[in-house]
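S.K.: Right, I'll just put the structure down here and ask away after.
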Amino acid sequence: MKKLVNNPVNVVEEMVEGYVRAHPDYIKQLQSNDRALVNARETKENKVGILIGGGSGHEPGFLGYVGEGMADGVAVGNIFASPSPDPILEVTKAIDKGAGVVYLYGNYAGDVMNFGMAAEMADLEEDIKVGMALATDDVASAPKEEKDKRRGIAGEFFIYKAAGAAADFGYDLEEVVRIAKKANQNTRSMGVGTSPCYLPQTGEPSFEIGDNEMEIGLGHHGEPGIEKGPLETADKIADRLVNDILADIEITKGEEVAVLVNGLGSTPKMDLYIVYRRVEQILSERGIKIYRSYVGDYITSLEMGGCSVTLMKLDKELTDTIDHPVNCPMFVQK
Amino acid sequence: MKKLVNNPVNVVEEMVEGYVRAHPDYIKQLQSNDRALVNARETKENKVGILIGGGSGHEPGFLGYVGEGMADGVAVGNIFASPSPDPILEVTKAIDKGAGVVYLYGNYAGDVMNFGMAAEMADLEEDIKVGMALATDDVASAPKEEKDKRRGIAGEFFIYKAAGAAADFGYDLEEVVRIAKKANQNTRSMGVGTSPCYLPQTGEPSFEIGDNEMEIGLGHHGEPGIEKGPLETADKIADRLVNDILADIEITKGEEVAVLVNGLGSTPKMDLYIVYRRVEQILSERGIKIYRSYVGDYITSLEMGGCSVTLMKLDKELTDTIDHPVNCPMFVQK
Amino acid sequence: MELTSSGLKDFFKEVVEMIEKEKDYLCELDRKLGDGDHGVTMSIGWQAVNNKLNNELADIEDCGKVSITVGKTFLNAVGSSVGPLYATGFMRGAKIAKNKTVLNERDLTEYWVAFAKGVKERGQAEVGDKTMVDTLEPFANTLEVSINNSQEFEAAFSDAVKAAEKGMNSTKDIISKKGRSSRLGDRSIGVQDPGATSAYFILSKFLHFIKSNSAKTV
Amino acid sequence: MELTSSGLKDFFKEVVEMIEKEKDYLCELDRKLGDGDHGVTMSIGWQAVNNKLNNELADIEDCGKVSITVGKTFLNAVGSSVGPLYATGFMRGAKIAKNKTVLNERDLTEYWVAFAKGVKERGQAEVGDKTMVDTLEPFANTLEVSINNSQEFEAAFSDAVKAAEKGMNSTKDIISKKGRSSRLGDRSIGVQDPGATSAYFILSKFLHFIKSNSAKTV
Ligand SMILES: Nc1ncnc2c1ncn2[C@@H]1O[C@H](COP(=O)(O)OP(=O)(O)O)[C@@H](O)[C@H]1O
Ligand SMILES: Nc1ncnc2c1ncn2[C@@H]1O[C@H](COP(=O)(O)OP(=O)(O)O)[C@@H](O)[C@H]1O
Ligand SMILES: [Mg+2]
Ligand SMILES: [Mg+2]
Ligand SMILES: [Mg+2]
Ligand SMILES: [Mg+2]
């Protein structure tokens, strides 16, 4: 394990410091808590505030998605660990413009508890209305009947996109929550891991895997997946991922989707586009239309190897959110 | 070495196919040569055409930078190998709108020969004026007195940005070439490598390196650098890179620069921002102003580990090119 | 026996040390079941607590204040799953210890029972879900029962720690139902839950502390 | 001796086979000096040539057309440094072979001399720069001299290949001045140049071909 770091204990602090200094026009750190970052331009009055957050090590997730058209603020956790209620609450106070704040995060025990505690405190102590929408897009993480037990992975990106746009459109808290939840309901992801990442503090691999193996359905913290299998070709992997997704959500001929082929960290864009090539073939064969595609590192796991495929089934309302421009330090869409 | 590919022999073809299908609104493949890609929207009449290119495996470089505000077309080579004259010539013909075409590429023997041959053919056979500007930003690759022997690395990004903007401003061929060359003259890069990449066809590492070593000044095809040294902290690495750059180009107190901290492929954004943090500190200490910063994977080497730092010294003219908006599949700036 | 606020703080300092020693082991367990960071998380949290103990808390004599600060500090430093869980435990304990500079045996019993219940309430886990509740619930039950039977705190706590150990060991053989590892299904069998383990370590450290520091425990 | 167009094509096919065999070795040399792809590049290029030989070129009898197609095909398939270099070589050779269905000894001498000069001109490298020119220039010089002295083509070509080998070996001990490896400075010493090596392989393959295929060479 070779990292470009100083003292491993300080990686999150130093990353945040570098990030804030690199993009002063975009982002600022709150004085009250240095894990609380908000858009450098004030949130518009009466706009619903969008708050995202989670563990570090998923960059561009999550701090990279603060900006026009996406989130107003982010609470930054330790590596792969939910932020505590404190920064969440501080961001909430900073971005509430009277219309309330929506928390968007992945369905992990830690995040559920910390965001839940922060929401209670916002309500009780600050009198701020808080709505929540959790990402549960990973089909590999629980059976279909238990979708609400599933964890959130790269599909969170679409949920941010949808909620960020809805808030920008001027919708109220309930509407933004409804659209975020609809985005989640319509989104499915599944991934494969080929090589682990290494926690900076331990230097240990996040999971063990043989030279010719891949982990199917792994989580983006290295949580084991459904099964280990022999390493397959890009086409076979794409077949497996897309087929598992389409077995889980009905998308019929003529319907439209947004596609995300997400790299976990060390997988070259070359490989991602080779995977995308097959995803497109499968969808074309089934008559499913691709409205827009995203290929790259959107939500990563440090230097983990592998990728995930995400499909979001679109209707008019979600298509509008996909089209909405975004201007964040790590993601810009015209 | 684990790659998400099918037959390693077809990686470039399949990547290009996936890329073109992922972004049909942005990019199209010429019928005459499938390694010749151009902006899906026609180049404006009388605008100087910007043609970029080089080996594959550097994604987003180079095909990712075709779009409004940057290049009009790209010639795609094999992995780490210059494209042949054929696709270069085909792109030239497609993007020439009467004002000529400027070729931008890195200073490598192969590229010099292939682009040179294509330029001759464009002139003789097609009567198209061609200008050229080569990137020679890597301070580690030759002594200061021999800048024109230096290779181009991540600094190419700034040259594309400058020339792309200049062409968009409506400048003529000579002006675009002048600005591209000025961008190159004002740009310096230097990198370190911590882990090799693996050529898909051989499965062999691009260079050998010990567990606690780094290669200082390596090239982005794995060409060895100035020296091997023990792996250092992010701060020490940043110190070395920035100091070597500042020893090579005079940037005085109060002057402005654009900064690029570029990942070579598998280095997490976390690490890049930690490096950026120190770069910013050094420049601040010296009173050098940072006008704009780019941190991420801009020109990579498959899954190579490590990063480079690039500084471009700005004047009013170059600052305007930095501000100019861009809309490419792999890079958008508002 | 009784525990003064400085005794309580000394106990917390011993937890700090113990966690540094067990850090790698806890990570190793979590690597098999979760994301491999439990030891790191515990270390970050207890190092932050250590800092408070040596500074803000150095002169504080209210055991409630000490305990609530430990909980909040731990939570703010780590977030994650165990942040809210252990923090709730210490904050519930703090309610018992509020305004007390010395904790008697009854206080201590109530403190630890409230601690265990707080964790359970926060995480909504049941015994058998393969979490720290598998350690804490039998511990608390046994502590209450033994105290009622024997009245002797140290012996009762010793019984309770034995029950905690049994609970911890039981997590090896069950399928996880809460937290990250719940997605593992059968693959979670055979590995001991990291949170159940760290919880046992804390409890057994307390037992060891009261046994060997009778000087400090008035 | 004379070489028919089908003999020329057979020679090229033997180069194809030889390159597949030497691919890994050429990559290994390039890994030490450059970007590790020289064998891959040669293989891609010669496989493309093979395809042409088996299809478009199957019925072509003009040695000039064969040679120019080999050069252009190689170039289009590989680009890189060696694409323009070898392509220029074969295209210069094609000028000599133009409109000829059979190449006599004089043609063959001129062909290979033009080949070597073409590469040199394209790359602008000098002997001592640690490139394929270190193989090709002594080869061409010796070929011309020996032909003038002995008039016997096979013997002269054999001398020339010996000079090529010497040239190739000399690249081990010099500092690179051209191509990617030129940035290595002293670190390039000790490793033989991959392009000098592949050039030697092609020339020695031709020698072997004319020796063992006297049936095909009229
Ligand atoms: N809902 C829950 N109730 C009780 N304990 C839980 C719950 N969820 C997780 N845990 C405990 O947390 C431990 C994992 O802690 P840790 O690794 O520090 O956090 P994270 O899962 O956020 O990485 C598990 O071993 C388990 O004992
Ligand atoms: N200017 C030049 N003149 C002659 N030969 C050259 C020149 N530049 C490079 N070469 C040859 O090319 C070889 C490298 O070829 P290859 O690895 O296929 O291309 P690339 O350097 O583009 O990866 C070198 O070993 C050297 O012999
Ligand atoms: Mg964690
Ligand atoms: Mg090459
Ligand atoms: Mg964990
Ligand atoms: Mg090479």
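The values are calculated or read from the model by the stated rules, or taken from the named source; none is laboratory data. What you see is a predicted model, and the numbers here were worked out from it, not measured in a lab. With ideal geometry, Cβ positions are generated from the backbone for all residues, glycine too; neighbour counts draw on all protein chains shown.
S.K.: List pairs: first residue in region B:109-120 and within 18 Å of B:Asp96 (Cβ to Cβ), second residue outside any helix (DSSP H, G or I) anywhere in the structure, Cβ distance under 6 angstrom, at least six positions apart or on different chains.
M.R.: As it stands, the answer is B:Phe115/B:Tyr103; B:Phe115/B:Tyr105; B:Ala119/B:Val130, since those pairs meet every condition given.
S.K.: Out of curiosity, is B:Ala81 in the same structural domain as B:Asn33 (by TED's automatic domain parsing), out of contact with any strand residue (DSSP E or B) (no Cβ under 7 Å at 6 or more places or on another chain) and surrounded by 24 or more Cβ atoms within 10 Å (Cβ to Cβ)? Before the answer, list the steps.
M.R.: Working: in the same structural domain as B:Asn33 (by TED's automatic domain parsing): yes; out of contact with any strand residue (DSSP E or B) (no Cβ under 7 Å at 6 or more places or on another chain): no; surrounded by 24 or more Cβ atoms within 10 Å (Cβ to Cβ): yes.
Spelling it out, it is not the case that B:Ala81 is in the same structural domain as B:Asn33 (by TED's automatic domain parsing), out of contact with any strand residue (DSSP E or B) (no Cβ under 7 Å at 6 or more places or on another chain) and surrounded by 24 or more Cβ atoms within 10 Å (Cβ to Cβ).
S.K.: Same structure again: Which one of D:Lys52, D:Lys23 is within 14 Å of chain B (Cβ to nearest Cβ) and surrounded by fewer than 22 Cβ atoms within 10 Å (Cβ to Cβ)? Give the derivation first.
M.R.: Details: D:Lys52 fails: within 14 Å of chain B (Cβ to nearest Cβ).
On inspection, the qualifying residue turns out to be D:Lys23.
S.K.: Follow-up question, since we're still on this one. Got a sec? Which of B:Gly55, B:Gly69, B:Gly64 is assigned by TED's automatic domain parsing to the domain that holds B:Ala167 and within 16 Å of ligand 4 (Cβ to nearest atom)? Steps first, answer last, please.
M.R.: Numbers: B:Gly69 fails: within 16 Å of ligand 4 (Cβ to nearest atom); B:Gly64 fails: within 16 Å of ligand 4 (Cβ to nearest atom).
Answer to the check: B:Gly55.
S.K.: Still on this structure: Evaluate the following for C:Lys32: is it away from ligand 3 (no atom under 16 Å from the Cβ), surrounded by fewer than 24 Cβ atoms within 10 Å (Cβ to Cβ) and either of a type in the set (S, T, N, Q) or assigned to a helix (DSSP H, G or I) (or both)?
M.R.: On the way: away from ligand 3 (no atom under 16 Å from the Cβ): no; surrounded by fewer than 24 Cβ atoms within 10 Å (Cβ to Cβ): yes; either of a type in the set (S, T, N, Q) or assigned to a helix (DSSP H, G or I) (or both): yes.
Taking the combined requirement at face value, the residue does not satisfy it.
S.K.: Take B:Lys228 and tell me if it is basic (Lys, Arg) and over 30 Å from B:Asp320 (Cα atoms). First the steps, then the outcome.
M.R.: On the way: basic (Lys, Arg): yes; over 30 Å from B:Asp320 (Cα atoms): yes.
Judged against the criteria, B:Lys228 is a match.
S.K.: Exactly one condition in (1) within 16 Å of ligand 4 (Cβ to nearest atom); (2) part of a helix (DSSP H, G or I) is not met by D:Pro138; state its number.
M.R.: In the conditions (1) within 16 Å of ligand 4 (Cβ to nearest atom); (2) part of a helix (DSSP H, G or I), D:Pro138 misses (1) alone.
S.K.: Could you tell me which numbered condition B:His220 fails, if it satisfies all but one of (1) within 9 Å of another protein chain (Cβ to nearest Cβ); (2) under 30 Å from B:Asn10 (Cα atoms)?
M.R.: Going through (1) within 9 Å of another protein chain (Cβ to nearest Cβ); (2) under 30 Å from B:Asn10 (Cα atoms) one by one, B:His220 breaks only (1).
S.K.: Same structure, new question: Do any residues in region A:294-311 that are more than 9 Å from chain B (Cβ to nearest Cβ) have Cβ atoms under 6 Å from those of residues that are of a type in the set (Lys, Arg), where the two are at least six apart or on different chains, and which pairs are they?
M.R.: Matching pairs, first to second residue: A:Leu311/A:Arg188.
S.K.: While we're here: Looking only at region B:6-29, count how many residues are part of a loop (DSSP other than H, G, I, E, B), under 24 Å from the mean Cα position of the chain (by Cα) and at the interface with another protein chain (Cβ under 8 Å from one of its Cβ atoms).
M.R.: In the first step, residues of region B:6-29 are kept if they are part of a loop (DSSP other than H, G, I, E, B); the result is B:6-7, B:23-26.
The next check asks that each one be under 24 Å from the mean Cα position of the chain (by Cα); those that pass are B:23-26.
Filter once more, keeping what is at the interface with another protein chain (Cβ under 8 Å from one of its Cβ atoms): B:23.
Residues that pass the stated criteria total 1.
S.K.: Could you list, in sequence order, the residues of region B:31-44 that are over 21 Å from the mean Cα position of the chain (by Cα), of a type outside the set (Val, Ile, Thr) and crowded, with 17+ Cβ neighbours inside 10 Å? Give the derivation first.
M.R.: Within region B:31-44, the subset over 21 Å from the mean Cα position of the chain (by Cα) is B:31-34, B:40-44.
Those still in the list that are of a type outside the set (Val, Ile, Thr) too: B:31-34, B:40-42, B:44.
Answer for region B:31-44, where residues must be over 21 Å from the mean Cα position of the chain (by Cα), of a type outside the set (Val, Ile, Thr) and crowded, with 17+ Cβ neighbours inside 10 Å: just B:Asn33.
S.K.: How about region C:151-189: which of its residues are within 13 Å of chain A (Cβ to nearest Cβ) and not hydrophobic (A, V, I, L, M, F, W, C)? First the steps, then the outcome.
M.R.: Step one: filter region C:151-189 for residues within 13 Å of chain A (Cβ to nearest Cβ), giving C:176-189.
Correct list: C:Ser176, C:Lys177, C:Lys178, C:Gly179, C:Arg180, C:Ser181, C:Ser182, C:Arg183, C:Gly185, C:Asp186, C:Arg187, C:Ser188.
S.K.: Name the one entry in C:Gly71, C:Gly36 that is closer than 22 Å to C:Lys100 by Cβ and of a type in the set (Gly, Ala, Ser). Before the answer, list the steps.
M.R.: Values: C:Gly36 fails: closer than 22 Å to C:Lys100 by Cβ.
Selected residue: C:Gly71, the only one of C:Gly71, C:Gly36 that is closer than 22 Å to C:Lys100 by Cβ and of a type in the set (Gly, Ala, Ser).
S.K.: Can you tell me which of (1) assigned to a helix (DSSP H, G or I); (2) more than 14 Å from every other protein chain (Cβ to nearest Cβ) is the one B:Val91 doesn't meet?
M.R.: Tallying (1) assigned to a helix (DSSP H, G or I); (2) more than 14 Å from every other protein chain (Cβ to nearest Cβ), B:Val91 fails exactly one: (2).
S.K.: For region A:69-88, how many residues are more than 13 Å from chain C (Cβ to nearest Cβ) and within 16 Å of ligand 5 (Cβ to nearest atom)?
M.R.: Qualifying residue count for the region: 0.
S.K.: Let me ask something else about it. Whether any residue in region A:117-129 is part of a helix (DSSP H, G or I), outside the structural domain of A:Ile299 (by TED's automatic domain parsing), of a type in the set (Lys, Arg) and surrounded by fewer than 24 Cβ atoms within 10 Å (Cβ to Cβ) is what I want to check. Please lay out each step first, then the result.
M.R.: Taking region A:117-129 and keeping what is part of a helix (DSSP H, G or I), we get A:117-126.
Now narrow it down to the ones that are outside the structural domain of A:Ile299 (by TED's automatic domain parsing): A:117-126.
Restricting the remaining residues to those that are of a type in the set (Lys, Arg) gives none.
Within region A:117-129, none of the residues are part of a helix (DSSP H, G or I), outside the structural domain of A:Ile299 (by TED's automatic domain parsing), of a type in the set (Lys, Arg) and surrounded by fewer than 24 Cβ atoms within 10 Å (Cβ to Cβ).
S.K.: Being more than 12 Å from ligand 2 (Cβ to nearest atom) and over 21 Å from B:Ser141 (Cβ atoms) is the filter here, so list the residues in region D:160-180 that pass it.
M.R.: Scanning region D:160-180 gives D:Ala160, D:Val161, D:Lys162, D:Ala163, D:Ala164, D:Glu165, D:Lys166, D:Asn169, D:Ser170, D:Lys172, D:Asp173.
S.K.: Where residues in region A:156-215 are of a type in the set (Phe, Trp, Tyr) and within 14 Å of another protein chain (Cβ to nearest Cβ), which of them is nearest to B:Gly305 (Cα to Cα)? Walk me through it before giving the result.
M.R.: As a first pass, look at region A:156-215 and keep what is of a type in the set (Phe, Trp, Tyr): A:157-158, A:160, A:169, A:171, A:198, A:207.
Then keep just the ones that are within 14 Å of another protein chain (Cβ to nearest Cβ); that gives A:198, A:207.
On the way: A:Tyr198: 14, A:Phe207: 20 Å.
Looking at residues that are of a type in the set (Phe, Trp, Tyr) and within 14 Å of another protein chain (Cβ to nearest Cβ), I get A:Tyr198.
S.K.: Please specify each residue of region A:60-88 satisfying the condition of being away from ligand 3 (no atom under 16 Å from the Cβ), assigned to a loop (DSSP other than H, G, I, E, B) and touching a Leu at 6+ places or on another chain (Cβ under 8 Å).
M.R.: Filtering region A:60-88 down to residues away from ligand 3 (no atom under 16 Å from the Cβ) leaves A:60, A:63-74, A:85-88.
Subsequent filtering for residues that are assigned to a loop (DSSP other than H, G, I, E, B) retains A:60, A:67, A:69-70, A:72.
The answer is A:Asp72, and nothing else.
S.K.: Would you please list the contacts, defined by Cβ atoms under 6 Å and residues six or more apart or on different chains, that run from a residue in region C:73-87 that is on the phi > 0 side of the Ramachandran plot and in contact (Cβ under 8 Å) with a residue 40 or more places away in the chain to a residue that is in a loop (DSSP other than H, G, I, E, B) and more than 16 Å from ligand 4 (Cβ to nearest atom)?
M.R.: Sorted first by the residue in region C:73-87, then by its partner, the pairs are C:Ser80/A:Ala81; C:Ser80/A:Ser82.
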